[in-house]
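What follows is one structure encoded as structure tokens, with my remarks underneath.
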């Protein structure tokens, strides 16, 4: 079997067999494979979202994760319906991209950070998930249209719209949560308030910087250097 970084590795029959990749001989086969990948992604999210909600300290963010959990369960059901229309049962593929994204989310949950800072990190992790799903649903919806599976394309479009809306909600939440995290940052906190501001009348100490023409304690020549 060729090395994983070999130019022919990903087209090698041995590589395909090693990863249990199904034979894709038509666009219909490819559509079924991508639907199974999306189904796996949604199933992984159904397990991850309650943990992300539990790790959230902001009530708005916590509720946002729980609301999206309900949507995600609907998304998984739609994918089962889409696969059924093609005569295929879901669960035949593991989405490795979502595995990686969920693993990043687990790292964020374990952060030893103040609540608002962890919330900002959770929003970042969640938005990366949404952007992946939006791209995946767009590609799969286009493929369904190309093979005239219009009802499948309609199901995918419904979910795509909801994923885009979820990303917008996360973007809206990120503003005040990031501001709260910034206001509470130890580096800016002081006895007079959450943020330290320099007084306009306070003198600014100026430090003497060495001239760019100084080399140690010796003056560097300013004129052209002639080499015989």
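Values in this text are rule-based calculations from the coordinates and carry no lab data. Computed from a predicted structure; not experimentally measured. Here Cβ is always computed from backbone atoms with ideal geometry, including for glycine, and neighbour counts include all displayed protein chains.
Suppose each label sits 7 Å from its Cα in the direction of the beta carbon; what would the residue 172-residue 57 distance come out to in nanometres?
With each label point 7 Å from Cα toward Cβ, the separation is 2.4 nm.
Full-extension gain between residue 113 and residue 139, please, as 0.36 nm times their residue separation minus the C-alpha to C-alpha distance.
Additional length available on full extension: 5.7 nm.
The stretch 27-183: percent of C-alpha pairs farther apart than 26 Å?
Counting every Cα pair in the stretch 27-183, those more than 26 Å apart make up 28 percent.
What full-extension length gain, to one decimal in nm, is calculated for residue 157 and residue 183 as 0.36 nm per residue of separation minus the Cα-Cα distance?
Details: separation 26, 0.36 × 26 = 9.36 nm, distance 3.98 nm.
Between residue 157 and residue 183, full extension yields an extra 5.4 nm.
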